[in-house]
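The values are calculated or read from the model by the stated rules, or taken from the named source; none is laboratory data. This structure is a prediction, so every number in the text was calculated from the model and none was measured. For neighbour counting, all protein chains shown are included, and Cβ atoms are generated from backbone atoms with ideal geometry for every residue, glycine included. Side chains are part of the model used for accessible areas, which takes the heavy atoms of the whole protein and leaves out ligands, DNA and RNA. Shrake-Rupley method; radii C 1.70, N 1.55, O 1.52, S 1.80 Å.
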Amino acid sequence: MYLIRFIVLYPKTKLYTMKRTILLFILSVCISLPMIAQDKVLDALSDEVKRNMDALKSSEVAPYFISYRVNDIQSITIKASFGQLVSNEVKRASKMAVSVRVGNSTIDNSHQIKGEDYGWFDWDQGVDVPCDGSVDGIKQLAWKETESKYRKACDLYSKVVANMAVKVEDEDKSDDFSKETPVLFYEAPLADSYRQIDNKLWEEKLKKYSAIFLENKDLRQGEALLMVNIERKYFVSTEGSKIAENRITCRLMLNGETIAEDGMVLPLYESFFGFETKDLPSDEEIIASAKNMVKLFGELKNAPIVDSYTGPALLAPASAGVFFHEIFGHRIEAQRMKNEDDAQTFKKKVEEKVIQEDLSIIFDPTITKLGKYMLNGSYKYDDQGVKSEKVTIIEKGILKDFLVSRTPIKGFPKSNGHGRAQAGMQAVSRQSNLIVTTAKPYTSKQMRQLLIDEAKKQNKEYGYLFVSTVGGFTTTGRYMPNAFNVTPTVVYRVYVDGRPDQLVRGVDLIGTPLSIFSNIEAAGDTPGVFTGTCGAESGGVPTSTICPEIFVKQIETQRKSKEQNKPAILSRP
């Protein structure tokens, strides 16, 4: 029995939303979908996936699943540097990702081939398809790519079978592909007006924002950048799913960079996110942020460089969000845990306490806004055609769940809508909107006192306050230290004797996940947001974190790497 959900949405109108649930008691029926039939791209993909499946199903090694995903993306990028317009580009590109699975859902060509690095994942970047919706062009490329993927799948499947015959038994005997409910979802294409912005207005705004960086002669970079993405996404599969949806995002970024006398590059970065340009902050707020960056650059260049340190620290909300994303988020992406080369840090800790009992962590791609913050990791359906779900990963310190794609792991046989990928790439389980909450919030003043008290207890002269962070990376394999490195940009020493906080530079926050998790003691009462793009096996995907300030009893830092070049000899005009 199949359950098919059919939803028609008309974006930005007050017409109507139709929802029908249809129970089908036979395997194959014909449903009249006049709204979907009007979309020639969706029709072309549906026709071709059926035609190719029918042609291959009598093969000796037949596919049991084929899917096509097309991302049609128009990007508008305007950049100004030091008060001058340097670029204004409009680009349009469409990428197709084809997935072909042979064997069966229990064992198929995606199964790990032991002894081969990343044998479980297809790193292919996809193929370009016509942006104008040319049906003939799309069908030709879908046919050609399906042929290529099918041959590769057969080759891999034969290796899987041979590998299983000579290698040790799998630790995780869960299926290679989950059985999910087919979905029919249609969102009407966006009107042409959504593909346009007021170019002249934004050129002048960005010139005005970037001109603020002229106030600091030591800056070698001072930019303001606006990026608007208008995306139309299609997904069809031989299971019967047909999805067409839209996504618009806007990001405004301020980027600056200076270099210290010892050659250390000092970047600062500020980002603002919205779903339309009207969602972005006012000119006054953005200019104030740029002025604050200019002031910080002057202080950073002359700030003392630090040595390695162990001791207590406070992580301001934006830094704490990156911290959780790197040290925790990547380790609860289930598909990676199925690979026996992965460290599987949390795989066998379900229903165990893994963090301080007042803290809870959820991932929720179903919401676009939390409080005043708009969330970049939101989507209706993931890149495997599964409806997005809110997932409670940690509840009051206890690990409950993982982020699951259609590659299940032991104890978690179904996807929870977290199969994600960059356009053209194959989906794996990835993060969405990470939200950290606490049942026992502390005020900012109380959090600061916790830091000072712990520093005194450890006979430290100071603790650290990590204000902002530009990003980080982590390793999760067994053959390297299972560690993380978070890259702060603004860090202060908080002295126990009451001296003013001191800005420092050259700090990298490092460590191992279980050790640092055990040292998280408290969380603040005011959340903040970090918006970014997360890079991993399936490319870059948009994410957000909402997190309060975090107090950690013991952290470790190392000195940041630096260039060996001296600062510029010539002054900036």
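Reported to two decimal places, what Rg/Rh ratio describes the stretch 95-225 when computed on Cα atoms with Rh from the Kirkwood expression? Answer for the stretch 95-225: 1.21.
Among 162-174, 419-431, what's the highest-first ranking by average C-beta atoms within 10 angstrom per residue?
On the way: 162-174: 11.5, 419-431: 25.4.
Those peptides, ordered most packed to least, come out 419-431, 162-174.
Counting only protein heavy atoms and a probe of 1.4 Å, the accessible surface of the stretch 54-175 is 50% carbon and sulfur. Placing unit charges on each Cβ (+1 for Lys and Arg, -1 for Asp and Glu) gives the chain a dipole about its Cα centre, and among 110, 206, 404 the Cα reaching farthest toward its positive end belongs to 206. Taking every protein chain into account, the accessible area of the stretch 71-110 amounts to 38 square angstrom per residue (probe 1.4 Å). Ligands, DNA and RNA are left out, and with a 1.4 angstrom probe the accessible area of the stretch 150-288 is 44 Å² per residue. The residues of the stretch 429-573 have, on average, 47 Å² of accessible surface per residue, using a 1.4 Å probe with all protein chains present. Could you please state, rounded to a whole Å, how far the C-alpha centre of the stretch 290-311 is from the C-alpha centre of the stretch 176-253? After rounding, the separation between the Cα centres reads 32 Å. For the stretch 83-164, a crude dipole built from +1 on the beta carbon of Lys and Arg and -1 on the beta carbon of Asp and Glu, taken about the Cα centre, is about 120 debye to the nearest 20.
Any idea what the relative contact order of the stretch 236-356 is, in percent, if you count C-alpha pairs under 8 Å spaced at least 6 apart?
16 percent
Here the calculated FRET efficiency for residue 164 and residue 514, from their Cβ-Cβ distance with R0 = 25 Å, stands at 0.20, rounded to the nearest 0.05. The peptide list 233-240, 204-211, 77-84, put in order of mean Cβ contacts within 10 Å with the highest first, becomes 233-240, 204-211, 77-84. Positive end of the dipole of the chain (Cβ unit charges, origin at the Cα centre): among 514, 490, 260, the Cα lying farthest that way belongs to 490. Share of carbon and sulfur in the accessible area of the stretch 268-425 stands at 49%, probe radius 1.4 Å. Relative contact order of the chain: 15 percent, from C-alpha pairs under 8 Å at least 6 residues apart in sequence.
Once both labels are positioned 7 Å from their Cα atoms along Cα-to-Cβ, the gap between residue 38 and residue 501 label points is 5.5 nm.
Taking the Cα centre of the chain as origin and assigning +1 to Lys and Arg Cβ atoms and -1 to Asp and Glu Cβ atoms, the resulting dipole is close to 640 debye. Placing R0 at 25 angstrom, the Cβ-Cβ distance between residue 473 and residue 86 gives a FRET efficiency of 0.30 after rounding to 0.05. Per-atom-type breakdown for the stretch 183-246 gives carbon and sulfur 48% of the accessible area (1.4 Å probe, protein chains only).
Calculated [222 nm] ellipticity per residue, helices only, for the chain: -6500 deg cm²/dmol; basis is -39500 (n - 2.57) per DSSP H run with n ≥ 4, divided by all residues, nearest 500. Note on the stretch 487-563: Rg/Rh from Cα positions, Kirkwood definition for Rh, rounded to two decimals, is 1.00.
Sequence-distant contacts, meaning Cα pairs under 8 Å at least 6 residues apart, place the relative contact order of the stretch 38-162 at 28 percent.
Of the peptides 545-551, 300-306, the ranking by mean beta-carbon count within 10 Å, highest at the top, reads 545-551, 300-306.
Could you list the GluC sites (Glu not before Pro) in the stretch 356-437 that lie in coil according to DSSP, counting only those with at most 15 other Cβ atoms within 10 Å of their Cβ?
Passing both the DSSP loop test and the Cβ count: 357.
Relative to one another, the C-alpha centroids of the stretch 432-480 and the stretch 325-389 are positioned 20 Å apart.
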